[in-house]
Amino acid sequence: MATTSTCQGQLGLVKKSFDVSEVFAFHLDRILGLNRTLPAVSRKFSFTQGGHPCPIIVWDASLSQTDNETHSTIMLKWGRYQRFLKQKCWLHGKVPKAEWGCSDIHHYEWSKMSLFDFLLQAHDRLDKNCCGFKPRREDSCVQSGLNLKCNSPDNISLTQIVQRKENQRHLIFVDNKGFFDRSEENLNFKVLQGIEEFPEEAVAVLRSQRLREKLLQSLFMDKVYWESQGGRQGIEKLIDVVERRAKILLTFINAHGAKVLRMNE
């Protein structure tokens, strides 16, 4: 599509207005030094209902083809994923043994994804059935009845696990809708299950007491998103949520003796 005469230059995917939290997710990703999301901005369009801003995700033709069922470039179920974590696939450049059944994805990618998803309470990738928290009636897992299918977690597929064609070691985080209204008593810790290491750069930002300052500076650059959230007052409320989750995550890391490592392999 990007090579035709009618679609030259940079393309973007316009998503629905209720996905606008993907813009916040993009800025959070960059501030934490993960650099795994596609660029996202908020814009208004005359063809959208109600005139609400919609997120635009920059189209990236380098992404590998995904299947229609899990929207992933790799078929992966929870049980196999947990085995990946134990085997620490491709750690320190070591070629994994064939019997380990590793994919091309580097071990550290799962640590980055888990940290990111916990802060946003994004569950679609690692917990599409909402087994790790109490979902709301309007959540898609309840609407489809998936929340009733948590008895055999090893057989539940991960979704939206996406790689680039030319770099199969790294993941690209897509569909990063966050949930800011989930209470601290109902946080989904399942997305952290099996993770024993966390990225040093991201953890350093969470510990630095500068997360708020960095997010305010970054989000202010997207004026449409900034205003759609009620200006600084509204943005501050979103940051309040993420800061509280960050404190809980840091407590989790300390309590479980998880390692904080450089992950710029």
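The values are calculated or read from the model by the stated rules, or taken from the named source; none is laboratory data. Since the structure is predicted, the reported quantities are computational estimates derived from the model, not experimental observations. No Cβ is skipped: glycine too gets one built from the backbone with ideal geometry, and neighbour counts run over all protein chains shown. Protein only, heavy atoms only, side chains kept; ligands, DNA and RNA dropped before computing areas. Shrake-Rupley method; radii C 1.70, N 1.55, O 1.52, S 1.80 Å.
When the dipole is taken about the Cα centre of the chain, and only Lys, Arg (+1) and Asp, Glu (-1) are charged at their Cβ, what size is it in debye, to the nearest 20?
Details: 38 positive and 31 negative charges, 51 e Å.
Charge dipole, the chain, about its Cα centre: 240 debye, nearest 20.
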Out of the trypsin sites (Lys or Arg not before Pro) in segment 71-111, which ones are loop residues according to DSSP with at most 12 other C-beta atoms within 10 Å? K94, K97
Cut-off 14 Å, label point 7 angstrom out along Cα-to-Cβ of S218: give me the residues of segment 188-205 whose amide nitrogen falls inside. 201-205
Average accessible area per residue (Å²) across the chain - probe 1.4 Å, nucleic acids and ligands excluded: 52
Each residue of segment 19-29 in order: what ³J(HN,Hα) in whole Hz does its phi give by Karplus 6.51 cos²θ - 1.76 cosθ + 1.60, θ = phi - 60°, with x for Gly and Pro? 9, 5, 5, 5, 5, 4, 4, 4, 5, 4, 4
Within a Gaussian network of the chain (alpha carbon springs, distance under 10 Å), most fluctuating of G12, G51, G194: G51
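Can you check what the Kirkwood hydrodynamic radius comes to for segment 2-142, Cα pairs only, in Å to one decimal?
17.8
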Segment 191-265 - Rg and Dmax from Cα coordinates, angstrom: 14.7, 41
Cα to Cα, under 20 Å, and not fewer than 8 places away if on the same chain: which aspartates and glutamates meet these conditions relative to K77? D67, E69, E99, D104, E109, D117, D124, D127, D154, D175, E196
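Per DSSP H run of at least 4 residues, take -39500 (n - 2.57); add these up for the chain, divide by its residues and hand me the 222 nm value, nearest 500 deg cm²/dmol. Please report the intermediate quantities before stating the final value.
Values: 8 runs with 87 residues, N = 265.
It comes out at -10000 deg cm²/dmol, rounded to the nearest 500.
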Using the C-alpha atoms of segment 82-199, what convex hull volume per residue, in cubic angstrom, is computed? 119
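Taking Cα pairs under 8 Å and at least six residues apart, what relative contact order does the chain come out at, in percent? Before the final figure, lay out the partial values.
Values: 394 pairs, mean separation 62.1, N = 265.
Value for the chain: 23 percent.
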Give me the count of lysine pairs in segment 138-247 whose alpha carbons sit under 30 angstrom apart, restricted to pairs 8 or more positions apart or on different chains. 18
Unit-weight point scatterers at every alpha-carbon of the chain, Debye formula, q = 0.08, 0.15 1/Å: log10 I(q)/I(0) is -0.33, -1.23
From the residues A204, N35, L11, which one has its Cα farthest along the dipole of the chain in the positive direction, the dipole being from +1 and -1 charges on Cβ of Lys/Arg and Asp/Glu about the Cα centre? A204
Using θ = phi - 60° and the Karplus relation 6.51 cos²θ - 1.76 cosθ + 1.60, list the HN-Hα couplings for segment 142-151 in order, rounded to whole Hz, with x at every Gly or Pro. 7, 4, 9, x, 5, 5, 8, 10, 10, 6
Name the long-range amide H neighbours of T37: under 5 Å, sequence gap of 5 or more, or other chain; modelled H, no Pro or chain starts. F173
Sequence-distant or interchain residues sharing an amide H contact under 5 Å with I156, placed H: which? W78, G79
Most to least packed among 233-241, 109-117 [average Cβ atoms within 10 Å]: 109-117, 233-241
Percent carbon-and-sulfur accessible area, the chain, ignoring ligands, DNA and RNA, probe 1.4 Å: 50
Provide the per-residue ³J(HN,Hα) series for segment 107-119, in order, calculated from phi with Karplus coefficients 6.51, -1.76, 1.60 and θ = phi - 60°, each as a whole number of Hz, with x at glycine and proline positions. 3, 5, 4, 5, 5, 5, 5, 5, 4, 4, 5, 5, 4
Would you look at the GNM of the chain, springs on alpha carbons closer than 10 Å, and say which of A204, A255, A98 moves the most? A98
Under the rule of at least 5 residues apart or a separate chain, name every residue whose amide H is placed under 5 Å from the amide H of G12. W59
